[in-house]
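What follows is a set of notes on a single structure, which appears directly below.
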Amino acid sequence: MALDLRSLGIGRKYFKTVDAAKTFGSKKLEEAKHLGISALPLTHEQRLKFMAAEEKLSAVGAKIVQAAEIFLRFHKANQRRTLKQAFDEFLTM
């Protein structure tokens, strides 16, 4: 049994039974309804990690995007810059 989920960005999936296809399809449609289409490509493990990080950050009133921005601001080890650039960056903090 083939299930066409291209409208959700998933593509076609093939199942051994009609019931398995219906179950999968209804689950993905429900996810799209609650999470939006952009969340569908995430694996279950990625969603769990996101939810755990969001819960930890909410305890201090922070959002995931804020945490990512702070992390990137202080972890630029692979980025080359001159001493003057580093000094100017330090002064703007």
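The values are calculated or read from the model by the stated rules, or taken from the named source; none is laboratory data. The model shown is predicted, which means the values in this text are computed figures rather than measured ones. So basically every Cβ, Gly included, is an ideal-geometry build from the backbone, and we count neighbours across all protein chains shown.
Some observations on this one:
- Lone unmet requirement of (1) in a helix (DSSP H, G or I); (2) under 24 Å from Met1 (Cα atoms) for Val65: (2)
- Counting the residues of the stretch 53-69 that are hydrophobic (A, V, I, L, M, F, W, C), surrounded by 11 or more Cβ atoms within 10 Å (Cβ to Cβ) and within 26 Å of Glu89 (Cβ to Cβ) gives 5.
Matching residues to (1) at pLDDT 80 or above; (2) in a loop (DSSP other than H, G, I, E, B); (3) over 26 Å from Ile64 (Cα atoms); (4) not acidic (Asp, Glu):
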{"residue": "Leu3", "(1), (2), (3), (4)": "no, no, yes, yes"}
{"residue": "Lys16", "(1), (2), (3), (4)": "yes, yes, yes, yes"}
{"residue": "Ala21", "(1), (2), (3), (4)": "yes, no, yes, yes"}
{"residue": "Ser38", "(1), (2), (3), (4)": "no, no, no, yes"}
{"residue": "Pro41", "(1), (2), (3), (4)": "no, yes, no, yes"}
{"residue": "Gln46", "(1), (2), (3), (4)": "yes, no, no, yes"}
{"residue": "Lys49", "(1), (2), (3), (4)": "yes, no, no, yes"}
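- Looking across the stretch 70-93 at every residue that is among the basic types (Lys, Arg) and modelled with pLDDT of 80 or more, the one that is surrounded by the most Cβ atoms within 10 Å (Cβ to Cβ) is identified as Arg73.
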